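Asker: One structure coming up, written as C-alpha cells, with questions to follow.
Here, each number is a calculation from the coordinates, and none is a lab measurement. Remember, it's a predicted structure, so these values are computed and weren't measured experimentally. A quick note on method: Cβ atoms are made from the backbone with ideal geometry, for glycine too, and the neighbour counts reach across all protein chains shown.
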Amino acid sequence: MTRLLPLALLAGLVALPLALGANPYLLNALIVTGILTIGAMSLNLLLGFTGQLSLGHIAFFGIGAYVSALTSLGFDVELGFGLRAVHEPWPPVVGFLLATVAAGACGYLIGRLSFRVRGAYFVIVTISFAEVVRLVALNWVELTQGPLALTNIPAFTLGLPGLGFWTLKSKLQNYYLVLAVGTLCYLLIARLVHSRFGRAMRGLKENESLALSVGINATRTLTVAAVISAAMAGAAGSLYAHYLRIIDPDVFLFATTVTMVIMVVAGGKGTLMGPVVGGLIFGLLPVALRPVMAPEAQWIVYGLVLIVILFVLPRGIVPGMAARLGRRPARSAPVLEASPAVPQ
Amino acid sequence: MSAILSVDHVGVRFGGLVAIADLHFDVREGEIVSLIGPNGAGKTTAFNVMTGFLKPSQGEVRFRGTSLKGLAPHAITRLGLARTFQRTSVFPDDTVFDNVMIGLHQVGGRLGRAPVLDALLGRAGAGERQLRARAAALLDWVGLSGRMHEKAGALAYGEQRLVGVALALATEPAMLLLDEPVSGMNASETRVFVRLIRQVRERGITILLVEHDMPMVMEVSDRIVVLNYGRLIAEGPPDRIRNDPAVIEAYLGQGSSARQAAKSAHGSAREPVHA
Amino acid sequence: MDELIQHLVNALILGGTYALLGIGLTLIFGIMNVVNFTHGALYTVGAYVMYLTVAALGLNFFLALPVAILGGLVLGAVIEVALLRPFRGSDIDTTMLVMIGAGIILQSGTLWTFGGVAKAIPSPFPEAPLQIGMVSVSWLRLFVLGAALALIALTYALINRTKLGLAMRAAFQDSDTAALMGVDVRRIYTATFALGSSLAAAAGALLGPVYVVFPQMGGLAELKAFAIVILGGLGNVTGAAIGGFILALAEELGAGYVSSGYRDAMGFLIIIAVLLCRPTGLFAKAERIG
Amino acid sequence: MTGRFTLTTAILLALAATGARAEAIRIGVNEPLTGPFAASGTYVVNGAKIAAEEINAKGGVLGRQIELVIEDNKSNPTEAAAVAEKLITSDKTPVMMGAWGSSLTLAVMPKLMDYEVPMLVETSSSGKITTSGNPFVFRISPPSSLEAATFAPTVDKLGMKKVDFLVLNNDFGRGAATDFGKMLKDKGVTVGLVETMDQGAQDMSAQLSKLKASDADTIMITSSVDQLVLLFKQMAALGLKKRVITTGGSQNPDQIIAQAGAAADGTMHLTTFLPWVPEKTPDPKATEAFIAAWKQRGFAFAGVTESFRGYDGIRAIAHAIEKAGSAEPAAITKAFWSVDFTGLNGPIRFAKAGPAGKESGQSKPDVYLIEIKDGKVIVPTM
C-alpha cells in the first residue's frame, strides 16, 4: 500500500496536464510547485532524516540557479589584479550539471564549517550563509547584474552533440522535465534512506551518542547528507532558472526557505512522501487563495497553518494520516519488506 | 594474560569539581571486571573517558596498546571497544530490527567500498541481505526475536537494555563496556542476562561493567574495581572486595537508604554527557 | 580624521539600539532555549505602536515610548502563553518553527493593517544637530542612545537586583533545579519572554522616529540581532551588549571604507568568522557540549 | 488595501452597470502593489483607473469599453515576468502597461518578445530599456540620458563645480550616475564620489559621512521617495549642507515635505510634471481636470507626481488602440508609432530608439527643476 501511493500520485501527475488541457496558468503553478517540491525533498534529507534544521537552504537553490544561468549565458568579469574571467555560453544541460556540482560543493563547505555547531548555532549559521550569498548576488553587479536580474536565460535543451538539441520552450515540456527530475530525486532519496547510509542518518537523529558508539562518524555522515541535499537543491535551482528564464537576487529570500520548511514539516519530515504532499499543498495553496485573498493575508494563512499543524499533527500530514488509517508511515516500509527475507 | 584496556592515571575535572582523580587500573583480555562505587563516584564519567565522549584532564586510556587520546567515539568503536548507555540505550523511533541494522553500521561498511554511491546506484543488494541475516541472528542471541518489529522506544525498560547490548555487540567488539545493564530488570531477567554476559565472554569478548546490583556483580565478576569520590579505593576478586573495610565504609558512609534511593532514582539522574 | 571620528560616533549611536535588540534575544535564548523568530516582528510592532500613539493619537513623544514598551511586554506575554507554553519540552526545532509561524503572522498582519507605505514619526527634537568641531550628532539620536543605555541598565538591574531576576538567573543555570527550589518556572518563562519582547519593541520604538516605519523593517533587524547574539555567545547578556557595539562599528567602518553595498553583509561575515574561530561566541566561557 | 481583487471588482461592477462588460478591451497593468515600491505602484494604478473611467465615460475605444486587468508584481523582477506571462496567456490582454521600476520592466521585456505583445512603459528610466532592441516597448518616461540632457543648460546657471553621487544600487541609480556623470564631464564639471545604497537600506550615515568629508559642492541623489526622506533627515543630523539635486522623477516632493519637514528645505528635484503650477504645464486644462478627479476620489495630492504617468499611459494606449482599429497585439504595436497627443507633461509621440530594424519607441517628455522652499514647492528662477 505504501508503495502504491507514490505510484498512484506519479500516474496522476503524468496524466494531469491531459485533464487540465494546457491551461498555461495552472501549468505554470504546477511547474513552480514541482521545482519547490524538489527543493523541499532535498531539505527533508537534512531536516527530516538527519534532524538538522537548515534555514539557509535557499542558498543552494539560488547558487544552482545562478551557476546554471551564468554557464548558459556566459560572462566576462574583472577579478582584480589584472585577472579576467571570460566564459562563452554553454548549453543549459552543462549548466544543470555544473549547478548540481557547485551547489554540492557549497554544501560540503557549509557542512564542514557548520556541523561543528548544532542546534540554534547551526540554524543561524545557515541563515547567515544564505544572506551573504544574497548580498553577493545583489552587489557583484558585473557578474550577476545585481538587482537588474539575469534575463534572457536560455530555455532548457536536451539532446546530444551530433544528434541535435531539443529546446524545452513550452510549459508542457517543462512540466514533464520537472516531473522527471523530481521522480529521479525521489528515487535517489528513497534508495539513500533505505541504505546503510540512511540508517546512519537516522541513528544520528534519534540518539547521537548511541550512534557514535556504534561507530557512525557524525561529521562525515552529516556532511555527505548536506552535499547530496545541496546538490539536489542546486538542480532544482537550475530548473527554475531555465524555466523562468530570469533570476534576480530575491531568489535567495528567507521566505522561500520558510516555504520549503513549511512544505516539509506540514507533509511530514523524515518521510519520503511528506515533502511531496506538503509541496503540492503549499505550492498550489497560493493559486487557490490568490483570487480570494491579498498576498499578505495568504502569508497569515501560511503562518497559521504551520502553527496548527505543529499543534495537531506534530509529525506532519503523511504520518498523521497513516496513523489515522492504521497504516505505518512510508519510512517504515522497508521493515515490512525486509522481515520476510530474514531467516528465522 | 595481557591488558586489553589500560586506564593510565586518568583525571577528569569539571571546572573546580574533581570527577575522577588519578584513576589507574587495567582490564586483561577475556576478563569480566566490574566498576562499582556509590552514586556519583565517577563510574559513568570513567566510561565516557574510555569511549571518547569526554576528554580527560590528565592521563590517557590505552586499548590493545593504542592510545585513545584525541580519538572520536566512533573511531574508538572501530578499534573494537563498544559500550552501552545507562539511560538512552536505543534508537527509540525505529523498530528493534532496524536498531540492530543501524548498529551493524561498521560491518556494513566492510561489505561495501563506496556506501553512498552504492546506495544511490542501488548496488547494495547482496550486502544488505547478509546484514539482515546477521541482525536476525543477533536478536535471536539476546532473546529479542519476538520483539523484532516493535518500536524500540515502546519496549519495557529491561528489554531496551538488551537492545542496547545487541547494538554494542553488532559492532563486533573485542571489549564491551556495560553501563548498569540490569537496572530495570526483574530477578529472572537478570539471571538470563548474567547467562548472556557469560556467553559473550565465551566468544572472547572482554567485559567491563558498571552496576549497582551487588549480588549480580559478585556472581559474574572475575575482578572488581571500587571507586569513591573519583578515587580508586579497592581492587580485587569479589571475595576480597566483599570484606574490604574501605569498601564497606564507602557504602555505609553514604547510607544504605540513600544508596537505595539513588539506585531507584537513577532514571532521572543527570549524566554528565547527556545532560 | 574628522570622517573617522564621525564614523565612530555614528557607530556608537547605532550600537546602543543594536545592543538592546541583542539583549532581548539572548535573554530568551539563554533562559528558555528558544530562538525567537518573532523578535523582528516585535521590533516592528514597537515602531508601529509608537507611530500610532504619536502620529495618529497625538500623544506626547516621551509618553509614547513607555506605551510601545508596554505593548511589546503584553504581546510577548501573550505569545509565550499561547504558543510557547504548550510546546514546552518539545525540541528546539519545533519551537523555532512555531516562532517562525508567529513571526510570519505578525509581520503579514502589520502589512495588512497598515499597508506597505512607510510612515514617519515626528520627533520633538530640533532638526539642527549638535555640532562638536566637525562632528555632528542629531539630538534625536543622542536621546535614542541615552534611552537605549538606560534600558540596558534597567535590564541589568532587574536581572541582578530583583527577586524576579534571581529566579531568572536560577532558571538560566538549570530550570529543573530551579523548579525544585520552588521557582515557578512557567511564570519566569512568561516574564522572560515578555521582557525580551519589550526590549525588541523598545528598539523599534526608538529607531522608528530615526528612520521610517514600515512592515518589513523587522526582517533585517532580526538578522542583525542574530549576528549580535552569536557574536556575544548565545545566552550571554553582557556579550550581546558588547556585540551590538561591535556590529555597529563593523558596519559603519565597512560601509565607510570598504563598500557601502556590503554594509549589511558585515554582520553575517562576522557570524561565520566567529563560528570558525570561537563557536561559542567571543565572550562565552568554554561550554561542555555532548 | 491594495489588493487587485477590490480594484478589478470595482471596475467590473462599474462596467457591469453600463452593460458593456462582454465586449470590453482588456489592458494589462503590471505594477508593484506590495513590497518596497508599493506606494508608487498604487499611485500609478489609481491614475490609470481615472483614465480608464474617463475614457469609458466618453464611450470607450472603438465603441467598446476598456477594462484594466491589474496585477501585483510585488516589486520583484521574477514576479513581474510571471505577471506579464499571466496577463498575456491567461487574461489575453493585447497590450500592457508597466512595470514601474527599471529592473521590473527589464524582466518583463523578454516575455514581450516571446509573445509579441506591446507594453507601454510609464516610469522606468534605465537607458537599456529602449536600447536593447525590443520593438514592443514604448516609453513615455524619460531615460536618465534624456533627463541629463534636459538638465544640462541649468548646470552653468547653478554654478556647479564638483558633483558627488549617491544612488540606489540598481540600474535606476547606477544608470543615472553614469548618464549624469557623462553630461557633467562634458560640461567641465568634476565628478567625485559615486556612493551606492541598497533598496531597503535605512541607515546611510556611513555614506553621508563620506560625502560630508568630500569637497564637492553638489550631491546628486537617485532613489525612491522613502529613502530620500531618510537621507534628508540623516543629512540634517550630520550637518551636511550642500546643494542636493535628486533625479529619477519619482521623488514625490509633497511626501518629502510632509515626512522630512525642514530637513528637505533647499533641496532641488528634477521632475517630469508640475501639478503645483498647472498653468505652466503643456495642457493646463487637462492637468486641472486630472487633479480634480484625483482629489475627488479622496487620494492625497502628494500622489499626483506618480499617478499622472498611469493616467497618461492608459490614454496613450487608448490612442494606439483607436489608431489600430482593432484590439490585436500586432496592430496595436504598429499603431503606437502614430500616437500623437499632448499628455500632462508634454507631447506623447514615439521616436525610434535602439538598434535599427527592431527599434523601441521613446517619447520625449518635459523635465523641470523644482525646489522645496519653506515647505512649499517652487520653480526656481534662474
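Asker: Would you please report the Å³ per residue occupied by the convex hull of the alpha carbon atoms in the protein assembly as shown?
Answerer: Roughly 191 Å³ of hull volume per residue.
Asker: Work out from phi, with θ = phi - 60° and the Karplus expression 6.51 cos²θ - 1.76 cosθ + 1.60, the ³J(HN,Hα) of each residue of region A:126-137, listed in order in whole Hz, and give x for Gly and Pro.
Answerer: Whole-Hz 3J(HN,Hα) from phi for region A:126-137: 5, 4, 4, 4, 4, 5, 5, 4, 4, 5, 5, 4.
Asker: Using only Cα atoms, locate the centre of region D:45-96 and the centre of region C:88-161, then give the distance between them in Å, rounded to an integer.
Answerer: Going from one Cα centre to the other spans 40 Å.
Asker: Relative to the longest principal Cα axis of chain B, at what angle does helix B:157-170 sit, 0 to 90 degrees, rounded to 10?
Answerer: It works out to around 70 degrees.
Asker: Ok, one more. Which is farthest toward the positive dipole end of the protein assembly as shown among D:Leu158, C:Phe61, B:Gly70, measuring Cα position about the Cα centre, with Cβ charges +1 (Lys, Arg) and -1 (Asp, Glu)?
Answerer: About the Cα centre, the residue reaching furthest to the positive side is B:Gly70.
Asker: Could you tell me which of A:Gly234, A:Val86, B:Gln199 has its Cα farthest along the dipole of the protein assembly as shown towards the positive end, charges placed at Cβ (Lys, Arg +1; Asp, Glu -1), taken about the Cα centre?
Answerer: Of the candidates, B:Gln199 comes out farthest on the positive side.
Asker: I'd like the orientation of helix A:24-44 relative to chain A: the angle between its Cα long axis and the longest Cα principal axis, in ° from 0 to 90, rounded to 10.
Answerer: 60
Asker: Take each uninterrupted DSSP H stretch in chain D, measure its Cα extent along the helix axis, and return the ones at 24 Å or beyond whose mean Kyte-Doolittle hydropathy is at least -0.5.
Answerer: Qualifying helices, which must be both long enough and hydrophobic enough, are D:38-57, D:304-324.
Asker: As I understand it, the value is the acute angle between the Cα axis of helix C:61-79 and the longest principal axis of the Cα atoms of chain C; what does it come to in degrees, rounded to 10?
Answerer: Between the helix axis and the principal axis of chain C, the angle is about 30 degrees.
Asker: Sticking with this structure for a sec: Rounded to the nearest 500, what is the 222 nm mean residue ellipticity of chain D from helices alone, with -39500 (n - 2.57) per DSSP H run of 4+ residues and division by all residues?
Answerer: Calculated at 222 nm, the ellipticity per residue is -13500 deg cm²/dmol.
Asker: Oh, and also: A:Gly268's amide H: which non-local residues (gap 5+, or another chain) put their own amide H closer than 5 Å, with H modeled 1.01 Å from N in plane and none for Pro or chain starts?
Answerer: The list, which skips near neighbours in sequence, is A:Ile317, A:Val318.
Asker: Using θ = phi - 60° and the Karplus relation 6.51 cos²θ - 1.76 cosθ + 1.60, list the HN-Hα couplings for region A:141-146 in order, rounded to whole Hz, with x at every Gly or Pro.
Answerer: Per-residue couplings from phi come out as 4, 4, 8, 9, 6, x Hz.
Asker: Further question on the same structure: Lys/Arg Cβ at +1, Asp/Glu Cβ at -1, dipole of region A:4-334 taken about the Cα centre: which of A:Ala29, A:Gly198, A:Thr71 is farthest positive-ward?
Answerer: Comparing the listed Cα positions along the dipole, A:Gly198 ranks first.
Asker: How would D:Phe151, D:Phe308, A:Phe60, C:Phe268 line up from fewest to most surrounding beta-carbon atoms within 10 angstrom?
Answerer: Fewest-to-most Cβ neighbours within 10 Å comes out as D:Phe151, C:Phe268, D:Phe308, A:Phe60.
Asker: Something else: If you place +1 on the Cβ of every Lys and Arg, -1 on the Cβ of every Asp and Glu, and leave all else neutral, what size is the dipole of region C:13-217 about its Cα centre, to the nearest 20 Debye?
Answerer: Here region C:13-217 has a charge dipole of around 300 debye.
Asker: Stokes-Einstein D for region C:173-259 at 37 °C, 0.692 mPa s, Kirkwood Rh over Cα pairs, in µm²/s?
Answerer: 214
Asker: Here is a further query. Quick check on the exposure proxy: order B:Thr51, C:Thr44 from fewest to most C-beta atoms within 10 angstrom.
Answerer: B:Thr51, C:Thr44
Asker: Once the Cα atoms of region A:14-169 are picked out, what are the Rg and Dmax in Å?
Answerer: For region A:14-169, the Cα radius of gyration and maximum Cα-Cα distance read 18.2, 58 Å.
Asker: Once every DSSP H run of n ≥ 4 in chain B is given -39500 (n - 2.57) and the sum is divided by its residues, what mean residue ellipticity at 222 nm do you get, rounded to the nearest 500 deg cm²/dmol?
Answerer: -12000 deg cm²/dmol
Asker: State to the nearest 20 debye the size of the charge dipole of the protein assembly as shown about its Cα centre, where the only charges are +1 on K and R beta carbons and -1 on D and E beta carbons.
Answerer: It works out to roughly 1840 debye.
Asker: Using only the Cα atoms of region D:145-271, construct the convex hull and provide its projected area averaged over every direction, in square nanometres to one decimal.
Answerer: Projected over every direction and averaged, the Cα hull of region D:145-271 covers 6.7 nm².
Asker: Further question: Using each residue's phi in region A:227-243, evaluate 6.51 cos²θ - 1.76 cosθ + 1.60 at θ = phi - 60° and report the 3J(HN,Hα) Karplus result to the nearest Hz, with x for Gly and Pro.
Answerer: 4, 5, 4, 5, 4, 5, 4, x, 4, 4, x, 4, 4, 4, 4, 7, 7
Asker: So how do A:His194, B:His74, B:His149 line up by other beta-carbon neighbours within 10 Å, fewest first?
Answerer: Fewest-to-most ranking of A:His194, B:His74, B:His149: B:His149, A:His194, B:His74.
Asker: With the radius of gyration and the Kirkwood radius both derived from the Cα set of chain A, what is their ratio Rg to Rh?
Answerer: Rounded to two decimals, Rg over Rh is 0.97.
Asker: For D:Ser75, what residues show an amide H to amide H distance below 5 Å, using hydrogens built from the backbone and excluding near sequence neighbours?
Answerer: D:Leu33, D:Thr34
Asker: Could you give the C-alpha radius of gyration of region C:13-217 expressed as a fraction of 2.2 N^0.38 Å, taking N as the number of residues it contains?
Answerer: Taking the Cα Rg and dividing by 2.2 N^0.38 Å, one obtains 1.07.
Asker: What FRET efficiency comes out for the pair A:Val308/C:Leu12, r = Cβ-Cβ distance, R0 = 45 Å, nearest 0.05?
Answerer: With a Förster radius of 45 Å, E is 0.50.
Asker: Between region A:91-147 and region B:158-236, what is the C-alpha centre distance in whole Å?
Answerer: Between the Cα centres of region A:91-147 and region B:158-236 lies a distance of 49 Å.
Asker: Could I ask something else about it? Which far-off residues, 5 or more places away or on another chain, put their amide H under 5 Å from the one on B:Ala21, with H placed in the peptide plane?
Answerer: For B:Ala21, the qualifying residues are B:Val12, B:Arg231.
Asker: Treating only the Cβ atoms of Lys and Arg (+1) and Asp and Glu (-1) as charged, compute the dipole magnitude of region D:76-208 about its Cα centre; round to the nearest 20 debye.
Answerer: 420
Asker: Any chance you could get the radius of gyration and Dmax over the Cα atoms of chain D, in Å?
Answerer: Reported Rg and Dmax, both Å: 20.2, 65.
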